[in-house]
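One structure below.
The values are calculated or read from the model by the stated rules, or taken from the named source; none is laboratory data. None of these values were measured; they are calculated from a predicted model. Note that each Cβ is placed from the backbone with ideal geometry, even for glycine, and that neighbours are counted across all protein chains shown. Only protein heavy atoms, including side chains, enter the accessible area calculation; ligands, DNA and RNA are left aside. Shrake-Rupley method; radii C 1.70, N 1.55, O 1.52, S 1.80 Å.
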Amino acid sequence: MYPETRKVIQRMIEQSIIPGASYAFIKDGKIEMHRDGLAATVPRKEKIQDNQQYDVASLTKVMLTTTTILNLLENKLIALEDLVHSYLPEFKSRKVTIRHLLTHTSALNGFIPNRDNLAANELKTALFTLVPDNTLGEKVQYADINMILLGYIIESIENETLFSVFEKKIIQPLNLNASTYHPINPMQCAPTQNHPQRGMIRGKVHDPKAYILGDHCGSAGLFSTLNDTVRFSQMMLQKGMLDGVRVLEEKTVLELLEDRTPNKKLNRSLGWDLLTRRDGKSLFHTGFTGTFIILNIKSQEAFIFLSNRVHPVSDTITYLAERNHLIETYFLETTV
């Protein structure tokens, strides 16, 4: 499947844009998995393991936080127009809704001075003081704060630590056995950045806010494998069900293909971004560490890509240009 797309990945490896990648294509009911390149280049070269765990970064937002919020919406425990303040009284603004958070239209400026040196409770307090600017509901401004606040809302409803809720509602029902916030063996994890303060990050989350917030973070923190991300993707392609276990209602999944922003003009769904091509809309989300998922529910196709492109250093501008070329190459091949 997709030979031209595979060539682009090979070139990215040869040019040291990524050390390697574990990736999969789903098409016509078939799954094709590949593991190319290396898991690590520093301090020594390491091959990619079959069950290699990756810090999937912001894929946490769609695999866990968004899916859990959609479940709460189905069960009428929350509503899209509910105010965030009604669930989190300490949150300052009384204008921001759950819809705003899910569609990244909250207009919250997530900048917090000295953020990386705060304790978890201090960071939470600081996040609750943020207020929207005058573009509330009118502009998509992707920000971690939105999913972090949704995580706190989940905790307020479930009266459990966020990751415990994720385990109960998604990880265990889907048998995502290698997906966790707490990898048992760091050497099973693809290393990320050689950080100036933290050293070579391996088996610990790369994202600074998630590193502080731990099990309470809804924006990042998940480590997963190609097998597990494929299982999640299969569930989404099968409209909420996998192996006889229903995680989301079919209607919920199909409605994700619609623009769910307040003015329905910003081309973003609940949690997911929307990519519009000739064959319709695909659900799309990325992770800073070098990950993404593309799901075309209508044509039953998917492209799951896991890499640790920040290892040993991050060249975001070069990576993003090549990633965008990779995605366009994939879409060209889907229409052949």
Scanning the range 80-93 for residues that are assigned to a loop (DSSP other than H, G, I, E, B) and open to solvent by 40 Å² or more (accessible area, probe 1.4 Å), the one farthest from residue 247 (Cα to Cα) turns out to be 92
Subset of the range 97-106, residues out of contact with any helix residue (DSSP H, G or I) (no Cβ under 8 Å at 6 or more places or on another chain) and open to solvent by less than 10 Å² (accessible area, probe 1.4 Å), comes to 103
- prompt: Within the range 94-105, is there a residue that is more than 23 Å from the chain's Cα centre (by Cα), of a type in the set (Lys, Arg), in a loop (DSSP other than H, G, I, E, B) and within 27 Å of residue 249 (Cα to Cα)?
  reply: no
Restricting the range 233-261 to residues that are open to solvent by 60 Å² or more (accessible area, probe 1.4 Å) and not in a strand (DSSP E or B), the one farthest from residue 74 (Cα to Cα) turns out to be 243
Filtering the range 187-202 for residues that are of a type in the set (Gly, Ala, Ser) and within 23 Å of residue 51 (Cα to Cα) leaves a count of 1
Checked the range 114-155 for anything touching a helix residue (DSSP H, G or I) at 6+ places or on another chain (Cβ under 8 Å) and exposed (fewer than 13 other Cβ atoms within 10 Å of the Cβ); matches are 116, 119
Of the residues that make up the range 225-246, is at least one more than 27 Å from residue 98 (Cα to Cα) and in contact with a Ser or Thr (Cβ under 6 Å, 6 or more places away or on another chain)?
yes
Exercise. Would you check if residue 73 is within 18 Å of residue 251 (Cα to Cα), at pLDDT 95 or above, part of a helix (DSSP H, G or I) and open to solvent by 10 Å² or more (accessible area, probe 1.4 Å)?
Key: yes
Residue hits (the range 35-57; within 24 Å of residue 221 (Cα to Cα) and part of a strand (DSSP E or B)) are 35, 38, 39, 40, 46, 47, 53, 54, 55
Scanning the range 45-70 residue by residue, those buried (at least 21 other Cβ atoms within 10 Å of the Cβ) and in contact with a strand residue (DSSP E or B) (Cβ under 7 Å, 6 or more places away or on another chain) turn out to be 48, 52, 53, 54, 55, 56, 57, 58, 59, 61, 62
Checked 301, 250 against criteria (farther than 23 Å from residue 187 by Cβ and without any contact (Cβ under 8 Å) to a residue 24 or more places away in the chain); the one match is 250
Subset of the range 323-332, residues open to solvent by less than 40 Å² (accessible area, probe 1.4 Å), over 17 Å from residue 27 (Cα atoms) and in contact (Cβ under 8 Å) with a residue 60 or more places away in the chain, comes to 326
Here the residues within the range 193-207 that are of a type outside the set (D, E, K, R) and either open to solvent by 40 Å² or more (accessible area, probe 1.4 Å) or touching a Ser or Thr at 6+ places or on another chain (Cβ under 7 Å) (or both) are 193, 194, 195, 196, 197, 200, 201, 206
Only one of (1) over 17 Å from the mean Cα position of the chain (by Cα); (2) under 21 Å from residue 260 (Cα atoms); (3) not small (Gly, Ala, Ser) does not apply to residue 67, and that is (1)
